[in-house]
Amino acid sequence: MPWRRRRSRVSALEGGQEEEAPPEAAAVPSAPLTSPQQTEEAAERILLRGIFEIGRGSCDVVLSERALRWRPILPERPAGDSKHDWLCKEEFIELKDVFSVKLKRRCSVKQQRSGTLLGITLFICLKKEQNKLKNSTLDLINLSEDHCDIWFRQFKKILAGFPNRPKSLKIFLNPQSHKKEATQVYYEKVEPLLKIAGIKTDVTIMEYQGHALSLLKECELQGFDGVVCVGGDGSASEVAHALLLRAQKNAGMETDRILTPVRAQLPLGLIPAGSTNVLAHSLHGVPHVVTATLHIIMGHVQLVDVCTFSSTGKLLRFGFSAMFGFGGRALALAEKYRWMSPNQRRDFAVIKALAKLKREQGSPKCDCNDQWQMIQGQFLNVSIMAIPCLCSVAPRGLAPNTRLNNGSMALIIAQNTSRSEFIKHLKRYASVKNQFNFPFVETYTVEEVKVHPRNNTSGYNPEEEDETASENGFPWNVDGDLMEVSSEVHIRLHPRLISLYGGSMEEVNDSKVTCNCF
């Protein structure tokens, strides 16, 4: 464990400015340098070498271009002493895992701006189980001002050499997300880490749906390295849509009709603070606030596929996934009961949509390998997904055979069947069994889809009024947002169109699904 003193107020300071105490530190993992890669790293050019106290013992510390290594300084003992050999093993951390460095000082109550120098504190990003990241600290204790100043400057120089790490972020915060916890999540968990990393922030509170869209059309973004959304799927999708529209406008393109959109100019970070957090969960593997924040701080960026949704030749919006039929009607019902808590509203809407399960008349057409295929008939649900769509009720994903940037979408069609069989299909998403192993479910890997609904619908309860009916058209669920369209919807995939802050998801999305593909 990093060394700590008791009965004293210890803080990490830089340039005489006191920082807030970081979250509780975890133990820094260590490993002996035995692999060929580690041996090669050990041969790097040494930048600094000195003595620091780490833990409760003095260590010989070496700083190279890629790593910091240390070995305990112990009195000589006879050769072959196994305990002595084990204690002398070299430990290390890679500098790419360090996201901040501060001067460590002991401050008394009367010393508000400076105090007795103790050494240097390194703030580290650790990889944990299940795709989680965790912040930790390592204290290098040395009371020499000159010695610590040399090492501190060298650490700062190294950290400045990581170009993808943001220095300034535009933050959009939706205080109404989920149980109205987004504000607390940001100021208690996200902001303290951003401050430690030295990232400047400009926070905008989203006051209504479409607020971020209206602001991002005109606001100045040149001073920012990225945009972050703290909220649920609807908020995140709105900000992504706004960033992509802004990119088209800056490129001089007509935003009503877009055939080949240009890539968003700034990366987008997603802090999960909603009820389902499908986008953040698919991106990081877990809906974990600290993990999402550390990915942003570390500058982990990956390109992600995006869809365009158009009708009658006009762009409706950018998005990552959509559901028509049961998924759209359930969301339309949930929107009518916003006075309920998010979980209650979601469960109530799903149950009521199942009770009034309707067969949609339509003819989805899908294009893959430049061949259009048409499926015509009655459908309970149609899903089009460019991302895996992981969530708590579908830990393997609603489309587990899809990747974030594999250049294709999953088209999942649930044809007409009994209510009980359809419920069995839905329940399979929460299990390890194949949710598509039903005769009424068809899956395709596609690049384009056209969904043409028909007005003549029938249901299990035709005498009951359809609460999802609207003069604006049929309800669609696009990334958790309700979209109503009366005519054909054309969905096209655009590979790697937006950069999102997040880690690799290959370990999460390695499950395979048997499906019918063209």
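Give me the pairs, please: first residue somewhere in the range 304-321 and within 23 Å of V278 (Cα to Cα), second residue anywhere and of a type in the set (D, E, K, R) and buried (at least 18 other Cβ atoms within 10 Å of the Cβ), beta-carbon distance under 7 Å, and either six or more positions apart or on two chains.
Sorted first by the residue in the range 304-321, then by its partner, the pairs are C307/R492; T308/R492; F309/R317; G319/D479; F320/D479; S321/D479.
Suppose the filter is of a type in the set (G, A, S), in contact (Cβ under 8 Å) with a residue 60 or more places away in the chain and assigned to a helix (DSSP H, G or I); does G327 pass it?
On the way: of a type in the set (G, A, S): yes; in contact (Cβ under 8 Å) with a residue 60 or more places away in the chain: yes; assigned to a helix (DSSP H, G or I): yes.
So G327 fits the description; yes.
For the list (1) open to solvent by 20 Å² or more (accessible area, probe 1.4 Å); (2) touching a residue at least 60 places away in the same chain (Cβ under 8 Å); (3) not in a helix (DSSP H, G or I), I need the number of the one condition that Q265 fails.
(2)
Using beta carbons and a limit of 7 Å, which pairs, at least six apart or on different chains, have the first residue in the range 416-441 and farther than 21 Å from C391 by Cβ and the second one open to solvent by less than 60 Å² (accessible area, probe 1.4 Å) and in a helix (DSSP H, G or I)?
R419/L354; F440/E421
When the residues of the range 162-191 are filtered to those that are more than 15 Å from G231 (Cα to Cα) and out of contact with any Ser or Thr (no Cβ under 9 Å at 6 or more places or on another chain), which remaining residue is surrounded by the most Cβ atoms within 10 Å (Cβ to Cβ)? Give the steps one after another, and end with the answer.
Within the range 162-191, the first condition is being more than 15 Å from G231 (Cα to Cα), and the residues that meet it are 162-169.
Of the ones still in play, those that are also out of contact with any Ser or Thr (no Cβ under 9 Å at 6 or more places or on another chain) are 162-167.
On the way: F162: 13, P163: 7, N164: 13, R165: 20, P166: 24, K167: 13.
Within the range 162-191, the match that is surrounded by the most Cβ atoms within 10 Å (Cβ to Cβ) is P166.
Test of understanding: among D202, D256, D225, which residue is of a type outside the set (G, A, S), surrounded by fewer than 21 Cβ atoms within 10 Å (Cβ to Cβ) and under 19 Å from the mean Cα position of the chain (by Cα)?
Numbers: D202 fails: under 19 Å from the mean Cα position of the chain (by Cα); D256 fails: under 19 Å from the mean Cα position of the chain (by Cα).
Answer to the check: D225.
Kindly indicate which of G397, G407 is in contact (Cβ under 8 Å) with a residue 40 or more places away in the chain and within 23 Å of Q373 (Cα to Cα). Can you show your working first?
Working: G397 fails: within 23 Å of Q373 (Cα to Cα).
The unique qualifying residue is G407.
If you take the residues in the range 424-481 that are part of a strand (DSSP E or B) and at pLDDT below 65, which one is surrounded by the fewest Cβ atoms within 10 Å (Cβ to Cβ)?
If we filter the range 424-481 for residues that are part of a strand (DSSP E or B), which is where we start, we get 441-446, 448-451, 453-459, 474-478, 481.
Those still in the list that are at pLDDT below 65 too: 456-459.
Values: N456: 5, T457: 16, S458: 11, G459: 14.
The residue in question is N456.
Would you point out which residue out of I296, I384, I375 is open to solvent by less than 10 Å² (accessible area, probe 1.4 Å), out of contact with any His (no Cβ under 7 Å at 6 or more places or on another chain), under 21 Å from R454 (Cα atoms) and of a type in the set (V, I, T)?
Only one candidate passes the filter, namely I384.
When you go through I351, I387 one by one, which is the residue that is part of a loop (DSSP other than H, G, I, E, B) and at pLDDT 80 or above? Even if it seems obvious, please write down each step before you answer.
On the way: I351 fails: part of a loop (DSSP other than H, G, I, E, B).
Exactly one residue qualifies, and that residue is I387.
Test each condition in (1) of a type outside the set (V, I, T); (2) within 21 Å of R454 (Cβ to Cβ); (3) open to solvent by 10 Å² or more (accessible area, probe 1.4 Å); (4) outside any strand (DSSP E or B) for A332 and report the one that comes out false.
(3)
Could you check how many residues of the range 132-141 are in contact with a strand residue (DSSP E or B) (Cβ under 6 Å, 6 or more places away or on another chain) and open to solvent by 30 Å² or more (accessible area, probe 1.4 Å)?
Initially, the range 132-141 is screened for residues in contact with a strand residue (DSSP E or B) (Cβ under 6 Å, 6 or more places away or on another chain), giving 133-134, 136-141.
With the extra rule that they be open to solvent by 30 Å² or more (accessible area, probe 1.4 Å), the set shrinks to 134.
Result for the range 132-141: 1.
May I ask you to list the residues in the range 299-329 that are aliphatic (A, V, I, L, M) and open to solvent by 10 Å² or more (accessible area, probe 1.4 Å)?
Let us first name the residues in the range 299-329 that are aliphatic (A, V, I, L, M), namely 301, 303-304, 306, 315-316, 322-323.
Within the range 299-329, V301, L303, L315, L316, M323 qualify.
Only one of these conditions is not met by K195: (1) of a type outside the set (D, E); (2) modelled with pLDDT of 95 or more; (3) in contact with a Pro (Cβ under 7 Å, 6 or more places away or on another chain). Which number is it?
(3)
The values are calculated or read from the model by the stated rules, or taken from the named source; none is laboratory data. Predicted, not measured: the structure shown is a model, and the values here were computed from it. Positions of Cβ are generated from backbone atoms using ideal geometry, with glycine treated the same way; all protein chains shown enter the neighbour counts. Just so you know, the surface numbers come from the protein's heavy atoms only, side chains and all, with ligands and any DNA or RNA stripped out. Shrake-Rupley method; radii C 1.70, N 1.55, O 1.52, S 1.80 Å.
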